Amino acid sequence: MRIKPEERLIVPLDVMTLQSAKKLLDTLSPAVKFFKIGCMLFTASGPAAVDEVKKRGCKVFLDLKYFDIPSVVAKSVQSLVRMDVDIFTIHTLGGFELMESVVKVLWNEKTKPIVLGVTILTSINEAFLRDVLGTSDISLEEEVRRLAEMARSAGVDGVVSSAFEIEHIKSICGENFVVLTPGIRPKGAEKFDQKRVLTPKEAIQKGADYIVVGRPIINAPEPLKVAESIIEEIRTASKEKNV
Ligand code: C5P
């Protein structure tokens, strides 16, 4: 998929107040053109956070991971489209019917955001899955791929996945199936709680369409400089890969 290099980097507004979000936006929006709003900020400030991003001419990834009965999620998505959100997430564990109902709602909308399925959160391990699903015969990787395939057949545009799964997911679901990947660290940056990380360059080489980089930018002494250098790294890697 052809995406501008500066729109491949998504910075999460992982803050608890609109005031802090505005400060971060003012610092970063000269270079960063895509911001993620998750349940932390959205619970605190609601659609006002989306407006603040849009006001600065940037795009919004609303990461609320919808998981409810299909009719409720479908109606929520109608409101989300009115907010002019560019990417949003639903849970693939919500099932085929949930995903399909969201895709169908979007058919009737003039502006169509990209809908991504969340497969298995990286905080979940095989022991957790065994406890929740009550079966001992489960491979996390297999589960991620199975859910990605189900998302694709429901008409969902792509998935959120670890960078280590990108190549496999693309080989199953096709090159145009969007993959957005967190857990990205510039060379030498602190990992924080992310266990397996790749650099922005490596992620693009593996086929990531979008990458999420938070703390290495937000906690840096000069956040804008770090963001600019990541965008430059993405630009070079995209050119080399011809995407
Ligand atoms: O780069 P950093 O680790 O700070 O990014 C954290 C952001 O990425 C958070 O907003 C978190 O929700 C998101 N994320 C993640 N791991 C996932 C999915 C999303 O860290 N598997």
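Some points to look at:
- For region 121-146, the candidate set comprises residues that are open to solvent by less than 50 Å² (accessible area, probe 1.4 Å) and either away from the ligand (no atom under 13 Å from the Cβ) or not in a helix (DSSP H, G or I) (or both); within that set, the residue that is nearest to His168 (Cα to Cα) is Arg145.
- Count of region 97-120 residues which are in contact with a helix residue (DSSP H, G or I) (Cβ under 6 Å, 6 or more places away or on another chain), charged (D, E, K, R) and either open to solvent by less than 10 Å² (accessible area, probe 1.4 Å) or in a helix (DSSP H, G or I) (or both): 2
- The set of residues in region 67-107 that are hydroxyl-bearing (Ser, Thr, Tyr) and within 19 Å of the chain's Cα centre (by Cα) comprises Ser76, Thr89, Thr92.
- Helices (runs of 4 or more DSSP H) (entirely within region 1-96) containing at least 3 residues that are more than 16 Å from the ligand (Cβ to nearest atom): 5-8, 18-28, 47-55, 70-82
- The set of residues in region 151-167 being under 18 Å from the mean Cα position of the chain (by Cα) and more than 16 Å from the ligand (Cβ to nearest atom) consists of Arg152, Gly155, Val156, Asp157, Glu167.
- Residues of region 197-216 include at least one that is over 16 Å from Phe34 (Cβ atoms) and in contact with a Gly (Cβ under 8 Å, 6 or more places away or on another chain).
Per-residue answers, yes or no, for (1) open to solvent by 10 Å² or more (accessible area, probe 1.4 Å); (2) at pLDDT below 95:
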residue: Asp157; (1), (2): yes, no
residue: Glu165; (1), (2): yes, yes
residue: Ser171; (1), (2): yes, no
residue: Pro200; (1), (2): no, no
residue: Ala208; (1), (2): no, no
residue: Pro221; (1), (2): yes, no
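- When restricted to residues that are over 13 Å from the mean Cα position of the chain (by Cα) and either open to solvent by less than 30 Å² (accessible area, probe 1.4 Å) or farther than 22 Å from Arg235 by Cβ (or both), region 40-65 contains 17.
- Consider region 176-189 and keep the residues that are over 13 Å from Ala148 (Cα atoms) and surrounded by 12 or more Cβ atoms within 10 Å (Cβ to Cβ). The one that is nearest to the ligand (Cβ to nearest atom) is Pro182.
- Members of region 21-39 found to be without any contact (Cβ under 8 Å) to a residue 60 or more places away in the chain and surrounded by 16 or more Cβ atoms within 10 Å (Cβ to Cβ), listed by number: Ala21, Lys22, Leu25, Ser29, Lys33, Phe35, Ile37, Gly38
- The condition of being in contact (Cβ under 8 Å) with a residue 12 or more places away in the chain, over 29 Å from Met99 (Cβ atoms) and away from the ligand (no atom under 11 Å from the Cβ) does not hold for Ile217.
- Among the candidates Lys206, Lys225, residue that is touching a helix residue (DSSP H, G or I) at 6+ places or on another chain (Cβ under 7 Å) and more than 15 Å from the ligand (Cβ to nearest atom): Lys206
The values are calculated or read from the model by the stated rules, or taken from the named source; none is laboratory data. Everything quoted here is computed from the prediction, not taken from an experiment. Because the Cβ atoms are built from the backbone with ideal geometry, glycine has one as well, and the counts that use them run over all protein chains shown. Please note that ligands, DNA and RNA were not included when accessible areas were found on the heavy atoms of the full protein model with its side chains. Shrake-Rupley method; radii C 1.70, N 1.55, O 1.52, S 1.80 Å.
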